[in-house]
Structures are given as structure tokens and as C-alpha cells.
1. Ranked from the most accessible area to the least, with a 1.4 Å probe and all protein chains present, what is the order of VAL66, VAL51, VAL34?
2. Mind grabbing the accessible area of TYR14 for me, 1.4 Å probe, Å², rounded to tens?
3. Each label point is 7 Å from the Cα along the Cα-to-Cβ direction; what then is the distance between the points at ILE97 and VAL11, in nm?
4. Once the whole set of protein chains is in place, how much accessible area is left on ASP84, using a 1.4 Å probe, in Å² to the nearest 10?
5. Debye calculation, C-alpha points only, no solvent: report log10 I(q)/I(0) for the chain at q = 0.21 Å⁻¹, in the same order as the q values.
6. Could I get the Rg over Rh figure for the range 46-90? Both from C-alpha atoms, Rh via Kirkwood, rounded to two places.
7. Take every Cα pair under 8 Å in the chain that's 6+ residues apart, average their separations, divide by the length, and report that relative contact order as a whole percent.
8. Once phi is turned into θ = phi - 60°, what whole-Hz ³J(HN,Hα) does the Karplus curve with 6.51, -1.76 and 1.60 give for every residue of the range 32-49, x standing for Gly and Pro?
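The values are calculated or read from the model by the stated rules, or taken from the named source; none is laboratory data. Everything numeric here is computed off the predicted structure, so don't read it as measured data. Here the Cβ positions follow ideal geometry from the backbone for every residue, glycine too, while neighbour counts run over all protein chains shown. Ligands, DNA and RNA are stripped out before the accessible areas are found, and what is left, the full protein with its side chains, is counted by its heavy atoms. Shrake-Rupley method; radii C 1.70, N 1.55, O 1.52, S 1.80 Å.
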Amino acid sequence: MDLHFQRHTTVPPYTRDLTSKDQFKWSADFEVPVIGDDIAIRLNSIGCAKVVAYATHGGYLGVMAVPYNPPAWWIRQNGPPSPDNAALAFGAEISRIDAEEGA
């Protein structure tokens, strides 16, 4: 298992067992969002974002998501958000946004 950052277009094998040393760990109590899903990145108040890919880093599985309206500091630090310049967020740092909530 590669512990360095790697971007993925599909969800790699993972587990919710955070003690596992054999598979990437997903740290949320809900399923991994699919590409195209909207999520809320709670970490640092980044806000709502669209999932565009997956990534693994340090033994954990995360999502690459394009923030819709990131804070000014995020843009200064990272540049304009785009599918090629997406935020990496791990399961424990995000919340699902259910379609019914937006209706």
C-alpha cells in the first residue's frame, strides 16, 4: 500500500477499520461519495464542494472536491478552484449533502 499522495478516478479498495494496515482507511460513518456528489467540507470552513476524484494519502482514502465558494485564504493559498485544483478532504472532515436538503 502506497502511503504517498495518489489521485484516483475510481474508489480503491478500502476499509472503515481505522486500525487496518492492509487497506486504505475511510474515516466517515457513511459511504464514500460518488463523483458528482455535493459534500460540505467542514474543515477550515471551506464549504460546499463537488466531488471530482478520489485520493489516497498516508494510508487514508479521501475525496478530491472543487469548492463552490471557498474562503479568500483558500484561493490565495491554492489558486482558483477547478477539477485540476481540487481540495483533498478525508471522511472525518466532510458531511454528506442529501438532495432532499437542497429541495
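1. Working: VAL66 25, VAL51 0, VAL34 80 Å².
Ranked list, largest accessible area first: VAL34, VAL66, VAL51.
2. About 70 Å², rounded to the nearest 10.
3. 2.0 nm
4. 140 Å²
5. So the normalised log intensities work out to -1.08.
6. Numbers: Rg = 10.3 Å, Rh = 10.6 Å.
Radius of gyration over Kirkwood radius for the range 46-90 works out to 0.97.
7. Working: 209 pairs, mean separation 28.3, N = 103.
27 percent.
8. Per residue, the Karplus-derived 3J(HN,Hα) values read 5, x, 8, 4, x, 5, 8, 10, 10, 8, 6, 4, 6, 6, 5, x, 5, 8 Hz.
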